[in-house]
C-alpha cells in the first residue's frame, strides 16, 4: 500500500511541474479587451494580448461609502 501511495505522490509532483512553461501567466493567443466594473475605481480594461491594465471609465466618487 505504501508503494502505491508513493507512486501516486511522485506522479502528482512530476505532473504538476512548471519548469518548461512560459514566463508570463497570460496566454498570448487571446485577442481583445476585458472590462471589469470596480466599485471604487470605475471600469477597468485589460488588453489580453499585452496584459496592460488601464482605466476605461474612471469613477469620480467612492461608491462604497
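Show me 40-51, 4-15 ranked by packing, highest mean number of other Cβ atoms within 10 Å first. Please report the intermediate quantities before stating the final value.
Values: 40-51: 13.4, 4-15: 9.2.
The packing order, highest mean first, is 40-51, 4-15.
The label point for residue 5 and the one for residue 55, both projected 7 Å from the Cα toward the Cβ, are 5.5 nm apart.
Throughout, read-outs are computed from the coordinates displayed, never taken from laboratory work. Keep in mind that what you see is a predicted model, and the values were worked out from it rather than measured. Cβ: placed from backbone, ideal geometry, glycine included. Neighbour counts: every protein chain shown.
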